[in-house]
Each structure stands twice: as structure tokens, then as C-alpha cells.
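The structure under discussion appears below in the form of C-alpha cells.
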Amino acid sequence: MVELPDKSASFVEWYLAVVEAANLSDKRYGVKGMNVWTPYGLKARRNLDRVLVREIEATGSEAVEFPALIPATEFAKEKEHIKGFDAQVFWVTRGGLSELDVPLVLRPTSETAIYPIFALWVRSHRDLPLNVYQIVNTFRYETKTTRPFVRVREIHFFEEHTCQADEARATERVASNLEAFRRMAAAFALPYIAVRRPEWDKFAGAHYSIAFDLPLAGARTLQVGSVHHYRDNFAVPYGIRYEAPDGSVRVVHQTTFGLSERLLGAIVGVHGDAKGVVFPTEAAPYEVVVVPVTTAAAAEKVGAAAQHVAETLKAAGRRVVLDAGEERPGAKYYRWELAGVPLRIEVGARELETDRWTSVDRLGRKEPVGRATLAADVAARLVAFDRELARRAEAALAASFAPAATLADLHGSRQVRLVGWCGAEACGHAIEQAIDGALLGTPEGPLPFPVVAPASCVACGKTLGVRLAIAGQPM
RNA sequence: GGGACUGUGGGGUAGCUUGGUCCAUCCUUCGGGGUUCGGGACUCCGAGACGCCAGUUCAAAUCUGGCCAGUCCCA
């Protein structure tokens with residue numbers, strides 16, 4: 001029997017307990033920040049990857065894989081980048097018994113592994129755009145407390161790297177990535193806000209960074225991914241140049257798009273409830289669980305019917321698990337609810353006398369599904385489930401933001417705050433200090449809820465050039 | 001980066017102050033048997049632990065040190 005801590009009262013405790021109880025990850029490996037992917041957790045992760053791959057490939061990106069080790073000499077070429085990552089890399093300094101002449105960095109991100117090769121691949125304007133992505137593990141020497149999926153040292157990382165002919169085309173690629181992320185997030189019923197990070201918080205080496213933030217609990221937010229415009233900041237030191245149609249030699253402009261298993265953390269954190277995980281259909285390791293409700297009299301018939309239901313759904317392409325175990329039905333319900341399966345179908349003697357099965361979705365909504373129309377009815381129920389899940393998440397997101405007119409409002413805030421900001425770094429830091437968190441930045445595009453434009457900077461009171469900014473506490 | 005606390009079967013705990021009573025408590029879990037089965041069944045039998053390495057001691061889950069890991073707080 002599993003008792004979960006209260007989600008709204010102690011979010012972090014709840015999160016850790018859910019991840020463990022649902023068996024998504026095993027944190028007993030014994031190296032800080034490096035957890036074991038369990039069969040169940042890995043199924044979910046692969047579903048996320050499947051959607052990411054589908055959506056990024058729809059934009060003309062191709063998969064590649066680069067090595068995990070980067071020579072120190074290459075790593076050091078872009079000086080803002082190395083400044084940003086120097087303190088959080090693992091080094092490989094020895095090979096067997098001998099010291100390496102050139103130490104190797106275990107990639108914390110792959111710019112410096114990929115760009116020397118991009119310089120070889122890109123020769124002509126005909127080679128552009130170059131859009132590639134990889135899904136690999138990256139490593140960061142995280143010193144803070146690590147948490148499954150959210151802050152780890154071995155990161156399951158999706159990263160797209162592109163080369164474009166000029167700055168405008170790179171800007172277009174950024175827009176395309178924002179759109180791809182919109183589709184990915186929608187697939188998981190995850191509402192979010194896209195935020196342009198302030199100068200002091202952009203990716204090391206970027207011209208600008210746009211991050212995807214989700215409110216979790218109180219003022220806490222989780223960045224699940226980001227898109228960066230590099231301009232030619234990397235292309236110059238790495239010599240990524242091409243010959244234009246007019247014969248001139250030009251430097252490419254680059255973008256990247258990064259996501260990680262934080263997406264899974266976000267699904268757990270946003271959709272999960274007092275009973276456990278709630279998986280949106282696309283992410284769910286199993287979309288449907290079939291539970292036979294047996295009695296001594298009808299055991300055989302019920303068992304055969306349950307099996308038939310499972311097989312019918314499998315044949316229709318559903319991920320299905322048939323729980324024919326010895327436990328009583330109630331115990332199974334609790335277990336599969338903890339695991340977050342979107343839809344349960346109950347097959348018992350009662351149903352055998354009708355032409356329907358009972359189905360209950362993870363939000364507790366009970367409805368019959370037709371025997372003859374099983375696959376179609378289940379599909380419809382799952383669509384309705386995802387829609388309701390999204391609706392609830394959107395309502396929760398809207399409720400987690402509140403405007404703040406003064407710095408005092410930010411103290412001990414239980415919500416993410418919308419503030420006026422003049423753009424000055426000093427004011428930004430004053431805001432960060434007040435909320436004991438970060439100025440996440442300025443919204444990129446419209447927010448998914450109504451907003452009143454602020455009149456003045458919450459820190460200095462100036463009205464000139466004031467824009468809407470978001471302040472919260474990144475997890 | 002700084003500090004605090006914690007580490008006992010798969011999970012949660014009692015025991016630690018004051019070393020011997022402990023081949024270690026209780027709940028859960030796991031394996032086997034029986035009766036059951038529409039929201040966490042009951043019962044019988046069985047399995048399973050003192051984070052790691054040193055030290056102190058006749059004797060260490062218990063005391064000391066280091067390491068590793070986890071949790072929390074602060075920059």
C-alpha cells in the first residue's frame with residue numbers, strides 16, 4: 001500500500017514519492033544524479049522520443065550521432081561557451097595507465113563536438129540549410145541536489161543543431177522549432193509559456209535563448225527545453241563557412257533546440273495527482289489496462305473475454321496490458337492508477353450479459369464501450385481523456401500566474417508573477433532577489449491566458465520601454 | 001560553493017543516548033499452499049537488512065574518523 005504526500009502542500013516530496021512508487025526510475029545506483037531507467041520508465045521515455053522524432057523530422061531534420069568525448073582544444077574555442085560550462089564538465093584525463101596529452105571532455109552539450117565537423121560538411125550554399133539532431137546522453141557535473149528527470153548528471157538529451165545561410169533564416173528556424181515544440185507539448189497535453197531569457201541567463205554562447213517554462217507548484221517553474229539563436233558566434237571560431245551563389249565566402253548562422261527527460265518530469269509534475277502518475281495517451285507505456293473481474297462461477301468465460309478484449313485492442317495498434325494476476329480487482333485498480341494508465345477496461349460477469357464493457361479513465365470517468373465497436377470507442381475515449389487532461393492543465397497553468405505591482409508583492413509569492421520590467425539588468429536582479437528566484441524573461445508570443453500590460457517597471461518605476469516579464473522560482 | 005541532518009531486508013520503521021539483552025522489532029513486499037474475487041481480502045508456511053572502508057574494544061547496528069549516497073537549508 002502506498003501513501004503519497006500531499007501534492008499541493010509538499011510538491012517535491014510528492015514528486016519523489018510518485019516517481020519511486022510508480023517505478024519510473026531507480027535512484028539506488030550509487031552515483032549522484034545517475035539513475036537507472038526501469039522497464040516502465042523507459043517505455044514512457046521512448047514514447048516521448050518517438051513524438052520528438054516525429055515532429056522534428058517533419059521539419060526536415062535528420063538524425064546523426066556524434067561521439068561523447070570532445071578534445072579540450074575544441075571545447076575551448078568559443079570563449080563564452082567554455083566560461084558557461086567549464087565548472088560543470090566531467091573530464092577524461094587518462095587512457096589506461098597513461099595520462100592523455102589532450103584531455104577529453106565528456107560532452108555537457110554537443111556544440112563543440114559537432115561544429116568542427118560542420119565546418120567540413122558545409123562548403124556551398126547548396127549544403128544549406130543543414131538541420132540535424134541527435135538523441136544522446138550528455139553529462140554535467142551538477143553540484144546541487146539532483147532529482148530524477150529534473151536535475152541529473154547523465155542527461156538523456158535531444159539536441160538539434162542547424163546551420164542557415166544568414167541571420168534571418170536562422171530566425172526562421174527558431175520559429176519553426178517553436179512551432180515544433182508547440183506540437184510536441186500538445187501531444188502530451190502540456191501547456192507552457194515560451195520566454196525569451198534575459199541577457200545574463202541565456203545559453204553560454206548564444207545570441208538569444210527562448211525557453212519553455214511550465215509552472216509546477218507555487219512560484220516554482222520547470223524549464224523543459226529551449227531554442228537558441230547563435231548568430232555566427234560559433235560559426236566564426238569553428239570556421240563554418242560556405243560559398244554563396246555570387247562567389248563570396250560567408251559564415252553560417254546557427255540555431256539549436258534542446259529537450260531532455262525533464263519532459264517526463266513535467267508530465268509527472270503537471271498531470272500527476274493524489275493517486276499517482278497520470279500519463280497522457282501518447283506518453284503512456286500502456287494506453288489501456290484490461291482487468292478481468294473473475295468469480296468462481298465465471299472464471300473461464302471472463303478470462304477468455306478479457307484476453308479477447310486485449311487482443312482486439314492490440315490488433316488495433318493499442319499499447320495494452322492484460323492484468324490477469326491473482327490480486328483482487330480493487331488492488332489492481334489502485335496499482336494501475338498509480339502507474340498512470342489512461343484507460344481501464346473492466347471485464348466481468350456483469351458485462352458478459354450485455355454488449356458492452358465498462359471503461360474508466362484515469363480521471364475517474366466511467367463509461368461503457370461497445371463490444372462490437374471496441375477499438376473505435378476506446379480511441380474516442382482516449383481522445384476525450386487527453387482533451388480533458390489538457391483542459392485541466394491549462395486551467396491550472398492560468399491559475400498559477402498572477403500580476404505583481406510592487407517588489408513587496410514578490411516576497412514569498414505562491415504564484416509565478418507577471419511584472420513590468422524596464423529591461424535594465426539591475427532592475428532584473430532586484431526582481432530576482434524579491435521573488436527569491438529568477439527573472440525568467442519576456443514572453444515570446446502571446447501568453448495562453450489574458451494579461452494586462454504593465455504600466456511601469458516594478459523595480460524602478462520607470463514607464464519608458466516597459467515590457468511584461470515573468471518572475472518565478474526555477475526548480 | 002557553504003552548512004545541517006540522515007543511512008537497519010525490495011520499501012517504510014523500532015533499536016543507537018548508556019557497546020553485550022539483537023543469529024535484531026513491527027508494517028509492507030517477495031516465494032509457496034488453501035479459501036476468495038465488482039475499489040487496497042483472509043489464513044498457514046517460508047525468504048529477506050545494520051551504506052562502504054578504517055579505528056577504538058574482550059565485544060560495535062550502537063562510539064570515532066574518512067569516503068559514498070540521500071534529504072533539507074543558505075550563497
Given the structure, is A:G340 closer than 28 Å to A:A21 by Cβ, over 33 Å from the mean Cα position of the chain (by Cα) and open to solvent by less than 10 Å² (accessible area, probe 1.4 Å)? no
Taking the criterion of being out of contact with any helix residue (DSSP H, G or I) (no Cβ under 7 Å at 6 or more places or on another chain), open to solvent by less than 30 Å² (accessible area, probe 1.4 Å), away from RNA strand B (no atom under 11 Å from the Cβ) and at negative phi, would at least one residue in the range A:16-32 satisfy it? no
Restricting the range A:1-15 to residues that are within 11 Å of RNA strand B (Cβ to nearest atom) and among the charged types (D, E, K, R), which is farthest from A:R151 (Cα to Cα)? A:E3
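Any chance you could count how many residues in the range A:83-114 are more than 16 Å from RNA strand B (Cβ to nearest atom) and either exposed (fewer than 12 other Cβ atoms within 10 Å of the Cβ) or modelled with pLDDT under 90 (or both)?
9
A quick yes/no check of all residues on (1) within 28 Å of A:A296 (Cβ to Cβ); (2) of a type in the set (A, V, I, L, M):
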| site | (1), (2) |
| --- | --- |
| A:Y334 | yes, no |
| A:G340 | no, no |
| A:V347 | yes, yes |
| A:L352 | yes, yes |
| A:G364 | no, no |
| A:E367 | no, no |
Cβ-Cβ below 8 Å, separation at least six or inter-chain, first residue in the range A:390-404 and within 16 Å of A:A219 (Cα to Cα), second of a type in the set (D, E, K, R): which pairs? A:F401/A:R417; A:A402/A:R417; A:P403/A:R417; A:A404/A:R417
If you scan the range A:234-257, which residues turn out to be surrounded by 22 or more Cβ atoms within 10 Å (Cβ to Cβ) and either modelled with pLDDT under 95 or in contact with a His (Cβ under 9 Å, 6 or more places away or on another chain) (or both)? A:F234, A:A235, A:H253, A:Q254, A:T255, A:T256, A:F257
Does the range A:319-338 include one or more residues that are within 15 Å of RNA strand B (Cβ to nearest atom), of a type in the set (A, V, I, L, M) and within 28 Å of A:D6 (Cβ to Cβ)? yes
Residue check: is A:A471 under 26 Å from A:T145 (Cα atoms) and of a type in the set (A, V, I, L, M)? yes
For A:F385, state whether it is surrounded by 15 or more Cβ atoms within 10 Å (Cβ to Cβ), within 30 Å of A:V347 (Cα to Cα) and aromatic (F, W, Y). yes
Of the residues that make up the range A:371-383, is at least one over 27 Å from A:V278 (Cβ atoms) and in contact (Cβ under 8 Å) with a residue 24 or more places away in the chain? no
Restricting the range A:429-465 to residues that are touching a Gly at 6+ places or on another chain (Cβ under 9 Å), of a type in the set (S, T, N, Q) and over 29 Å from A:E394 (Cβ atoms), which is most open to solvent (accessible area, probe 1.4 Å)? A:T463
For the range A:245-283, which positions are part of a loop (DSSP other than H, G, I, E, B) and under 16 Å from A:F149 (Cβ atoms)? A:E261, A:G272, A:V277, A:V278, A:F279, A:P280, A:A283
Selection over the range A:233-256 where residues are touching a helix residue (DSSP H, G or I) at 6+ places or on another chain (Cβ under 9 Å) and free of Cβ contacts under 8 Å to residues at least 40 places away in the same chain yields a count of 1
Filter result for the condition that a residue is assigned to a helix (DSSP H, G or I), within 13 Å of RNA strand B (Cβ to nearest atom) and hydrophobic (A, V, I, L, M, F, W, C), over A:A305, A:A297, A:A310: A:A305
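The values are calculated or read from the model by the stated rules, or taken from the named source; none is laboratory data. In this text the structure is predicted, and so the values were computed from the model without any measurement. All Cβ positions, even for glycine, are placed from backbone atoms using ideal geometry, and neighbour counts span all protein chains on display. What goes into the accessible areas is simple: the full protein's heavy atoms, side chains included, and nothing from ligands, DNA or RNA. Shrake-Rupley method; radii C 1.70, N 1.55, O 1.52, S 1.80 Å.
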